[in-house]
């Protein structure tokens with residue numbers, strides 16, 4: 001049986017281990033992110049939410065997921 | 001009669017009936033925030049852009065309490081100290097759901113929270129070119145306000161006093177001068193402490209006020225939200241009604257003729 005390879009990435013500043021060859025959509029789905037309420041950056045570039053199932057995540061990638069919170 | 005229903009606040013071609021904008025920070029809970037907004041009558045609320053908490057997914061979301069379809073969210077760059085951070089924040093905000101109307105706030109000092117106007121000006125130019133409708137937090141300097149206007153700002157938002165200070169309007173003359181020189185919406189942002197401060201801003205001819213701390217941190221936020229709502233209406237009505245001239249000496253209200 002082929003061993004599942006894991007890679008380390010950073011999501012919102014926290015190191016996470018994910019399955020190698022994952023798509024961005026799978027990572028977000030795992031985190032149960034409500035896509036209509038967030039914006040996503042991959043390595044400081046804003047990602048078009050419609051294209052997340054085409055984007056492959058690589059080792060050491062940095063993902064930022066932001067939303068609106070209370071503020072002045 | 002001053003018909004306040006027909007006296008709308010227009011920002012970037014969008015009409016609003018309320019001239020009070022409120023912040024959504026510093027409340028004890030989301031439900032308290034939502035109720036205060038409702039009582040204030042505000043149709044625009046400022047919001048911050050921050051990281052999603054990926055470890056606690058059950059944390060309540062602002063959007064679940066304040067419906068962005070009913071209340072206009074005004075994404076704000078509070079906490080940004082340079083143009084790069086502010087632009088990144090607002091581009092992300094736009095991506096969340098197509099928000100183009102934004103509040104630009106680039107701070108220059110962590111203690112007094114005064115705006116860094118050089119960075120603010122630079123950011124305004126870029127954002128306007130990218131199609132954003134930018135409401136700009138600025139100091140109360142008429143020259144800088146003019147430059148912002150020329151850079152494509154959609155609203156000028158001078159401070160009354162440092163953010164969260166509750167000191168009220170410190171420089172009425174400058175606010176008055178800015179009012180005289182600009183046709184852009186002029187909104188007092190930051191530093192108000194009590195309802196009467198909002199009335200003074202409106203009487204100076206401002207088009208609106210933005211309040212957060214004074215409501216959120218009042219002992220009774222709901223009552224204070226209502227007080228600010230009424231204060232803004234009173235101030236607007238007073239401004240539109242044309243005040244009397246000031247006089248150094250007294251002028252009796254009762255006729256002097258026929259005194260017994």
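The values are calculated or read from the model by the stated rules, or taken from the named source; none is laboratory data. Not measured: the values here are computed from a predicted model. Every residue, glycine among them, receives a Cβ derived from its backbone with ideal geometry; neighbour counts consider all protein chains shown.
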How many residues does the range A:1-29 hold that are exposed (fewer than 14 other Cβ atoms within 10 Å of the Cβ) and either more than 18 Å from residue A:67 (Cβ to Cβ) or touching a residue at least 12 places away in the same chain (Cβ under 8 Å) (or both)?
12
Restricted to the range B:208-234, and to residues that are surrounded by fewer than 23 Cβ atoms within 10 Å (Cβ to Cβ) and under 14 Å from the mean Cα position of the chain (by Cα), which residue is modelled with the highest pLDDT?
B:229
Positions within the range B:92-117 being over 15 Å from residue B:190 (Cβ atoms) and in contact with a helix residue (DSSP H, G or I) (Cβ under 9 Å, 6 or more places away or on another chain), in sequence order:
B:95, B:96, B:97, B:99, B:100, B:102
Residue satisfying all of: in the range B:114-131; in a loop (DSSP other than H, G, I, E, B) and under 17 Å from residue B:144 (Cα atoms); nearest to the chain's Cα centre (by Cα) among these:
B:114
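Can you list the helices (runs of 4 or more DSSP H) lying wholly within the range B:10-113 that have 2 or more residues being more than 7 Å from chain A (Cβ to nearest Cβ) and under 16 Å from the mean Cα position of the chain (by Cα)?
Qualifying helices (runs of 4 or more DSSP H): B:30-40.
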Condition first: facing chain B (nearest Cβ under 10 Å) and touching a residue at least 12 places away in the same chain (Cβ under 8 Å). Now tell me which residues in the range A:36-60 satisfy that.
A:37, A:38, A:39, A:40, A:41, A:44, A:47, A:49
Condition first: within 30 Å of residue B:30 (Cα to Cα), surrounded by 10 or more Cβ atoms within 10 Å (Cβ to Cβ) and without any contact (Cβ under 8 Å) to a residue 60 or more places away in the chain. Can you find one or more residues in the range B:237-259 that meet it?
no
